[in-house]
Amino acid sequence: MNQAAKLSKLRQLAEALRAAILSARADFPRYLRRKFAAFPKSCCGHASILLALYLRENGFTDVQYVYNGSRGLKIDDSHAWLEVDGIVVDITADQFPDNANTVIVTEDHSWHSRFYGQQRSSNPLELYGEPENYRQAYDTVQKVLRQQ
């Protein structure tokens with residue numbers, strides 16, 4: 001797949017998953033239902049895990065979860081997103097006042113590079129407890145995606 005096609009496919013998948021989260025979050029397991037109540041605020045890590053599962057299911061194998069990046073000392077300044085073959089894929093950047101984009105799919109890392117202390121994982125489910133909650137939430141999202 002050429003780069004333009006990859007960017008287009010990633011955007012399509014990210015937009016579909018974000019819409020499905022908005023439709024399905026009331027039916028998530030209680031732990032994640034609370035986390036997603038103010039989506040996209042304060043749930044970037046949780047949303048990125050669901051997005052990673054979806055991208056992998058759709059053929060993207062080099063999915064990196066980038067987390068703990070912070071612009072300041074407060075937890076509200078931290079963020080998480082995905083990178084796929086060096087492409088930033090972020091469905092929660094609009095939680096910050098300096099970014100109105102609901103979905104970011106770009107090779108330009110300039111906005112995200114302002115978060116320092118970044119760590120990476122190719123298996124984000126191992127970073128959070130109760131992976132079954134994410135699998136149940138993902139199953140709920142998949143039902144919505146099948147109806148679209």
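Here are a few things to note about the model shown:
- Whole-number percent relative contact order across the chain, with pairs defined as alpha carbons under 8 Å at least 6 apart: 30 percent
- Over the chain: Rg over Rh, Cα atoms, Kirkwood Rh: 0.93
- Taking the helices alone, the chain has a mean residue ellipticity at 222 nm of -13000 deg cm²/dmol, built from -39,500 (n - 2.57) per DSSP H run of at least 4 residues and averaged over all its residues.
- GluC sites (Glu not before Pro) lying in DSSP loop within region 44-148, provided at most 15 other Cβ fall within 10 Å: GLU107
- In this structure, the amide hydrogen of SER78, modeled 1.01 Å from its nitrogen in the peptide plane, lies closer than 5 angstrom to those of ARG71, counting only residues at least 5 positions away or on a different chain.
- Highest mean packing comes first when the peptides 12-18, 142-148, 44-50 are listed by Cβ atoms within 10 Å, giving 44-50, 12-18, 142-148.
- Across region 82-98, rounded Karplus estimates of 3J(HN,Hα) from the backbone phi angles (6.51 cos²θ - 1.76 cosθ + 1.60, θ = phi - 60°) give 10, 10, 10, 6, x, 9, 6, 10, 9, 10, 9, 5, 6, 6, 9, x, 9 Hz, Gly and Pro being marked x.
Just so you know, all these numbers are worked out from the coordinates, no wet-lab data involved. Remember, it's a predicted structure, so these values are computed and weren't measured experimentally. We place every Cβ from the backbone using ideal geometry, glycine too, and count neighbours over all the protein chains shown.
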